[in-house]
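Okay, structure first, notes after.
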There are 2 protein chains.
Amino acid sequence: MPVLRIYTENKSAIEIEAEKSSNLLDVLQRSSFDIEASCGGRGVCGKCKVRVKKGQKPYLENLTPEERRHLREDEISRGVRLACKVEVCEDLDVFLEKFSEKANVLSHFTLNDFEYEENIIVKKVVLQKPSLDDQKSFELRLKEVIGNSNLKVLPRTLQKLARLKDQDFYAVIYSDEIVDVKNSSLAFGLAVDIGTTTVVCYLVDMIKKRVVDFYSFVNPQKKFGADVISRIDFAREKEEGLFILQKEILNSLNRALKILTQKNLISQDDIYVTVFVGNTTMLHLLLGVDPQTIAVSPFVPIFTENIIAKPNELGLEINSEGAVKILNSISAYVGADIVAGILSIRMHKSPKVSLLLDLGTNGEMVLGNNQFLIACSTAAGPAFEGVNISCGISAVEGAVDSVKIEEGRIHFTTVGQKPPLGICGSGIVDAVFYMLKEGIIDETGRFCIQNDTYKSYMKEVNNQQAFFITDSIYITQKDIREIQLAKAAISAGIKTMIKHAKITEDDIENVYLAGGFGNYINPKSAVGIGIIPRKLKDKIVSVGNSAGAGALLALLSKKMEFEAQEIVKKVDYIELSNSQEFNQFFVESMIFENLSQEGEQKQDG
Amino acid sequence: MPVLRIYTENKSAIEIEAEKSSNLLDVLQRSSFDIEASCGGRGVCGKCKVRVKKGQKPYLENLTPEERRHLREDEISRGVRLACKVEVCEDLDVFLEKFSEKANVLSHFTLNDFEYEENIIVKKVVLQKPSLDDQKSFELRLKEVIGNSNLKVLPRTLQKLARLKDQDFYAVIYSDEIVDVKNSSLAFGLAVDIGTTTVVCYLVDMIKKRVVDFYSFVNPQKKFGADVISRIDFAREKEEGLFILQKEILNSLNRALKILTQKNLISQDDIYVTVFVGNTTMLHLLLGVDPQTIAVSPFVPIFTENIIAKPNELGLEINSEGAVKILNSISAYVGADIVAGILSIRMHKSPKVSLLLDLGTNGEMVLGNNQFLIACSTAAGPAFEGVNISCGISAVEGAVDSVKIEEGRIHFTTVGQKPPLGICGSGIVDAVFYMLKEGIIDETGRFCIQNDTYKSYMKEVNNQQAFFITDSIYITQKDIREIQLAKAAISAGIKTMIKHAKITEDDIENVYLAGGFGNYINPKSAVGIGIIPRKLKDKIVSVGNSAGAGALLALLSKKMEFEAQEIVKKVDYIELSNSQEFNQFFVESMIFENLSQEGEQKQDG
């Protein structure tokens, strides 16, 4: 398979294997590099610019008319291409330059610049022949070759050793154990991010330190409840509910394992370690541990510590002598996914104060640097995921994902350029922002029915005022209220953390947006409706699946796994439901800013 | 169940639970106290004397006519009873005084006099109720109560914790893990000695530090080969042979577990640790590890190190979060059973030099003290187990187990007083001893056909001279040769070790006979035919199942488990097949001593 060496802006490189003849844009996006391609890869928008070299030369193979149309001569001569038009047939160097404004978390680390300590070692072994003068066991001979007499060896490895002892073979060492002896030197790992909605599995070559492939699927538990609370209810109310939920996720994981290994021509026995991250509830369900207490005050999980178990303890079909690791969580609503996010962004190592916002089904936030870390969680998410919004849907094909309202007209785009089916979080935030700006709603969020410019878009639906984006997609007064509640919660959460840390907004140097919503949201709109403080507007970076990236780090490096534990010890968790400060900020944050023309100029100028 | 407190000669006590209405002799013998009862418990021989008290009073309940016949008045008033006639109906103190000449290994240690460090801790737990100000996970609360934040907790325990957290419960801590939380405080262990012929399982209450019950069975692998070599051949030659052998022993062990737990009204989940000892081949077969290389020069095992595995790694049906431990071995032919024997006899701790002889199917020997330990093994066993002897059988019912030839007449006993079926090891040794003494054979082992006194007992069988013990049980010239080979091997082994240690026979202060044969053999005969040096005649002590006793020690105490590893590091193993000294001693030892009347007087006088 061709190998792509991807250079990000800070000149560091990461290697990815790509299937022959695959599409470069496809590969980059699947590997979670966030390349913009608003036309969906049809060569129309011209945004997916990357620079491609083969060895030292610009790679101009099969340059298409679409590329000639979008690229300047000097760009072409430097090897700039539209990723959507490049077919990957050989090893290439790909440079992600400042073509796109979005940066992905994968550009924040490479395999060189985080502290690396290998988790798995594979060693070629030739045992010394025994004699009557040297009768020590083959196990001791093996340990001698490896150079560590304290390694544990389990029965299955001894069984194999008895078969292989007379030939050259490979020993796989993991932690303090010789977990395998075999003819091949293959050793793989799996990093898994279990989201409430989506599960992503990264297959990693532990020796080449390379993400070989990945596979993502919809969390099959979704059919029993869209969010964390409804799954907990299902586990509590339905007989065998907990067991059913565990079974569902495990079956899907084992199916993903089969697909990934078959596709990459390896055996499931070649996978020795799996690192799981996810929110606290998803991890409870994965282990079959009843998460009931997470759902009710005082919101206490059964476990938050990291867990290392044997694969068959869980029923995960990787090498049975390997290990399954669950990264540690912080609290009932700040899970291992957030810990992994901190880990991958490395905010705990930087002297600069950063704010990490993971706006998914829940809104989890972390503020801090190498001196302090504060985390909290608000039930802000659902509205931003389209839940409880009249025409709300998640960011599936056909979802209105961006809206612009200007000069009496409405512009919008949809996911996959499909006919509009509903509106997703980023679309609603855009819509509310422009409705404020155009005076369709006022600072209190109330519809201004006297607005003449947009009169034709306003109509009553079920006795409620509504603003129509399309013929059938509209935003009601109640929807605006939902967004107000959600944005107030996040804003108040941020303010509470800032106060707790005894800093000001000016001290924050980076705002990292993680999670699906964070990837699609328009920062201008997010700031405009007051989700993120205005002062932080220019400091916003979208970091994509930072949880998955953190899981990868913990999988590849022992030091990173250890750092995850250190992060948890350092984090100061604020329970907002118990915070008077939060309640005050929450009330204050309900009102929008005045974004009418004059107001905006005053603020932005 | 009534509890027996058994006091051995050194005044130390061990507690045993006995089933109500069980027979005292039975209980003592089953718990491996070696009480002599040559009549088989019928009240005829009067040898099974023990002193019994209930509280401070002599226990005279149901004194039988048989006891009145065998016991003196002063004995009766002190509470002396025939163990075979005492029904155990209540808690009793039983004193094993110098009634019997044989001492058992269980009298060499008690739960007080070996270094004890508990292997399992059970702790009652009441978790503190959480609040919004104290949201730490239930797992952390549990660790707080236990007082160790470094303990690992596995998924199954977390699942149970979720169910038990609101009530009082018990936590079971083993090694660095909380292996269980549950409503009961029961924690049991199993010590297993896997012999080539017999398997013994001791069920131990880990909290009360008490052997609760035991169960022994014939090693089911026996049908595929009586000795180690034939089993190795079976594993090699028969398709799936290794798997079949492993399956056999595991199935039997799981059956034993079921029987023991049902009988003692506990659950298999209440058993957390199993310690296995056995010869090196039996341990390979238990783990399904091919032992082929043990059978051929240079006799190298796959493993000798101790192994700690999860029960389901093996398929052993104890608590799946518990552990299976295999004690370490010394070499291909000096197994963990010998290590356990050393451990229980504690010869490695004593300044006095001791000789341990385990004469089973193989002859394993250890010489040493707290300064040095030397071990070797000879293929001496088979003859002493009745193998390759014309009328030889093992020590089953009906086996001639002792012989006396005097004044032209032959006296013999059989196991269980049954009609004679064949002759076992101790019988053959006795017979050869008296044949020498009476001049039926000469120093070279050749039949003296001119002996008039015993002429009537001599006849040819298949063209060989033979001596008839009964009408159908006889000893041939070839049998004598087999015994000569075996005794020469053991004698030469002992001499080689003595030379290696640079000591003399006079330096040896104890000779411990372990194993079945060691228990039955008449020391006078053993010395007489030259198995054991004459100078050591009065230093011989039979120690019964010292391997099982060592397994019990390792099960109960972490320190003992560690000591077993230290023992192995200390042992200097001599491969006799490679030793010129051994070969010389072997040739020299083939000749018998002159035991004719004059000769004996000269030697004994």
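The one condition from (1) within 14 Å of chain B (Cβ to nearest Cβ); (2) under 22 Å from A:ALA375 (Cβ atoms); (3) of a type outside the set (D, E, K, R) that A:ILE342 does not meet is (1).
Given the residues A:ILE480, A:ILE423, A:ILE441, A:ILE410, which is the only one that is surrounded by fewer than 22 Cβ atoms within 10 Å (Cβ to Cβ), under 21 Å from A:ASN522 (Cα atoms) and in contact with a strand residue (DSSP E or B) (Cβ under 9 Å, 6 or more places away or on another chain)?
Working: A:ILE480 fails: surrounded by fewer than 22 Cβ atoms within 10 Å (Cβ to Cβ); A:ILE423 fails: surrounded by fewer than 22 Cβ atoms within 10 Å (Cβ to Cβ); A:ILE441 fails: surrounded by fewer than 22 Cβ atoms within 10 Å (Cβ to Cβ).
Result of the check over A:ILE480, A:ILE423, A:ILE441, A:ILE410: A:ILE410.
Could you grab me the full set of residues in the range B:427-465 that are in contact (Cβ under 8 Å) with a residue 40 or more places away in the chain and over 20 Å from B:LYS487 (Cα atoms)? Listed by number, the residues that qualify are B:THR453, B:TYR454, B:TYR457, B:VAL461.
Would you mind finding the one in B:LEU286, B:LEU265, B:LEU253 that is more than 14 Å from chain A (Cβ to nearest Cβ) and within 22 Å of B:ALA551 (Cα to Cα)? Before the answer, list the steps.
On the way: B:LEU286 fails: more than 14 Å from chain A (Cβ to nearest Cβ); B:LEU265 fails: within 22 Å of B:ALA551 (Cα to Cα).
The unique qualifying residue is B:LEU253.
Scanning the range B:388-411 for residues that are within 25 Å of the chain's Cα centre (by Cα) and either among the hydrophobic types (A, V, I, L, M, F, W, C) or part of a loop (DSSP other than H, G, I, E, B) (or both) turns up B:ASN388, B:ILE389, B:ILE393, B:SER394, B:ALA395, B:VAL396, B:GLU397, B:GLY398, B:ALA399, B:VAL400, B:VAL403. Going through (1) more than 12 Å from chain B (Cβ to nearest Cβ); (2) modelled with pLDDT of 95 or more one by one, A:PRO382 falls short only on (2).
With the condition kept exactly as written, say whether any residue in the range A:26-48 is at pLDDT 90 or above and open to solvent by less than 80 Å² (accessible area, probe 1.4 Å). Please lay out each step first, then the result.
Just the residues of the range A:26-48 that are at pLDDT 90 or above, to begin with: none.
Checked against the condition, which is being at pLDDT 90 or above and open to solvent by less than 80 Å² (accessible area, probe 1.4 Å), the range A:26-48 yields no hits at all.
Of the residues that make up the range B:394-407, is at least one open to solvent by 10 Å² or more (accessible area, probe 1.4 Å), farther than 30 Å from B:LYS502 by Cα and in contact with a Leu (Cβ under 9 Å, 6 or more places away or on another chain)? Yes, that holds for at least one residue.
Could you check the range A:199-208 and list, in sequence order, the residues that are crowded, with 17+ Cβ neighbours inside 10 Å and either farther than 13 Å from A:VAL273 by Cα or among the small types (Gly, Ala, Ser) (or both)?
Of the residues in the range A:199-208, the ones crowded, with 17+ Cβ neighbours inside 10 Å are A:199-206.
Selection gives A:VAL199, A:VAL200.
Specify the residue that is modelled with the lowest pLDDT; the eligible residues are those in the range B:385-401 that are of a type in the set (D, E, K, R) and under 13 Å from B:ILE521 (Cα atoms). Spell out the reasoning first.
As a first pass, look at the range B:385-401 and keep what is of a type in the set (D, E, K, R): B:385, B:397, B:401.
Okay, now just the ones that are also under 13 Å from B:ILE521 (Cα atoms), so B:385, B:401.
Working: B:GLU385: 77, B:ASP401: 90.
For the range B:385-401, the residue satisfying everything is B:GLU385.
For (1) in the same structural domain as A:LEU355 (by the TED database); (2) over 30 Å from A:LEU154 (Cα atoms); (3) of a type in the set (Phe, Trp, Tyr); (4) more than 22 Å from the chain's Cα centre (by Cα), each residue gets a yes or a no:
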residue	(1), (2), (3), (4)
A:ILE229	no, yes, no, no
A:LEU260	no, no, no, no
A:LEU265	no, no, no, yes
A:ILE318	no, no, no, yes
A:VAL339	no, yes, no, no
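Say we look at the range B:175-189 and pick out the residues that are outside any loop (DSSP other than H, G, I, E, B) and open to solvent by less than 20 Å² (accessible area, probe 1.4 Å); which of these is farthest from the other protein chains (Cβ to nearest Cβ)? Here the answer is B:PHE188.
Filtered by the rule that a residue be closer than 30 Å to B:SER579 by Cα, surrounded by fewer than 16 Cβ atoms within 10 Å (Cβ to Cβ) and more than 8 Å from every other protein chain (Cβ to nearest Cβ), the range A:134-160 gives A:GLU144, A:VAL145, A:SER149. For the range B:290-300, which residues satisfy the criterion of being more than 7 Å from chain A (Cβ to nearest Cβ) and open to solvent by less than 10 Å² (accessible area, probe 1.4 Å)? Passing the criteria: B:PRO291, B:ILE294.
Is it the case that some residue within the range B:522-536 is in contact with a Gly (Cβ under 8 Å, 6 or more places away or on another chain) and either open to solvent by less than 10 Å² (accessible area, probe 1.4 Å) or at pLDDT below 90 (or both)?
Start the filter on the range B:522-536 by keeping residues that are in contact with a Gly (Cβ under 8 Å, 6 or more places away or on another chain), which leaves none.
Within the range B:522-536, not a single residue is in contact with a Gly (Cβ under 8 Å, 6 or more places away or on another chain) and either open to solvent by less than 10 Å² (accessible area, probe 1.4 Å) or at pLDDT below 90 (or both).
From the list B:ILE540, B:ILE521, B:ILE508, which residue is among the β-branched types (Val, Ile, Thr) and without any contact (Cβ under 8 Å) to a residue 40 or more places away in the chain?
Numbers: B:ILE521 fails: without any contact (Cβ under 8 Å) to a residue 40 or more places away in the chain; B:ILE508 fails: without any contact (Cβ under 8 Å) to a residue 40 or more places away in the chain.
Every option except B:ILE540 fails the conditions.
Of all residues in the range B:267-300, exactly one satisfies the criterion of being part of a loop (DSSP other than H, G, I, E, B) and within 22 Å of the chain's Cα centre (by Cα), namely B:ASN279.
The values are calculated or read from the model by the stated rules, or taken from the named source; none is laboratory data. Note that the structure is a prediction, hence the values are computed from the model and not measured. Backbone-built Cβ (ideal geometry, glycine too); neighbour counts: all protein chains shown. The accessibility values were calculated without ligands, DNA or RNA, using every heavy atom of the protein model including side chains. Shrake-Rupley method; radii C 1.70, N 1.55, O 1.52, S 1.80 Å.
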